[in-house]
Amino acid sequence: MAQVEATTERVVAADAEKVFDALADYRETRQKLLPEHFSEYEVREGGDGEGTLVHWKLQATSKRVRDCLLEVSEPTDGELVEKDRNSSMVTTWRVTPAGEGRSRVVVTTTWKGAGGIGGFFEKTFAPKGLGRIYDAVLANLAAEVEK
């Protein structure tokens, strides 16, 4: 099995603390940021960053739906890590200052991909598809925090 990685980033016209707080707010804000690829969103524990347990279904393609149960941690300042209890998938959000009143948000998702020819196609195409999904999340984030 090969490690598969998808990374997307965006500079947002809001300070890093405001952006991070929006991302860490699983109870209210985060659900508003998710495009149509996400369904059955439910906060099961916590709701504000570290210690949150959140569930959703991620439909990456018409045939591929991933049932996600994510444990949230904050290993360092400006970083949220979502580890899926149901798979090897880990999504890391990093928010850093990018000049006055601006922030850089980088989201990276990794997982252990399939082996063989299926793994080749997964490693080739899945990062592009997931990148498009997270581009939409980051666009919604920008719209939310730049109000």
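The values are calculated or read from the model by the stated rules, or taken from the named source; none is laboratory data. Only a predicted model underlies this, so the values are computations on that prediction, with no experimental measurement involved. All Cβ positions, glycine included, derive from the backbone under ideal geometry; neighbour counts span all protein chains shown.
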Subject >> Near pairs, Cβ below 7 angstrom, 6+ apart or cross-chain, from region 42-53 (in contact (Cβ under 8 Å) with a residue 24 or more places away in the chain) to any residue that is surrounded by 15 or more Cβ atoms within 10 Å (Cβ to Cβ) and acidic (Asp, Glu) >> reply: Asp48/Asp25; Gly49/Glu74; Glu50/Glu74
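Let's see how each residue does on (1) within 16 Å of Glu79 (Cβ to Cβ); (2) surrounded by fewer than 16 Cβ atoms within 10 Å (Cβ to Cβ):
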position	(1), (2)
Glu5	no, yes
Val11	no, yes
Asp15	no, no
Ala22	yes, no
Lys32	no, yes
Arg44	no, yes
Leu58	no, no
**OP:** Spot the failing condition for Leu70; the list is (1) modelled with pLDDT of 95 or more; (2) part of a loop (DSSP other than H, G, I, E, B), and only one is missed.
**Re:** (2)
Original post:
Does Lys32 fit the bill of being within 20 Å of Leu141 (Cβ to Cβ) and basic (Lys, Arg)?
Top reply: yes
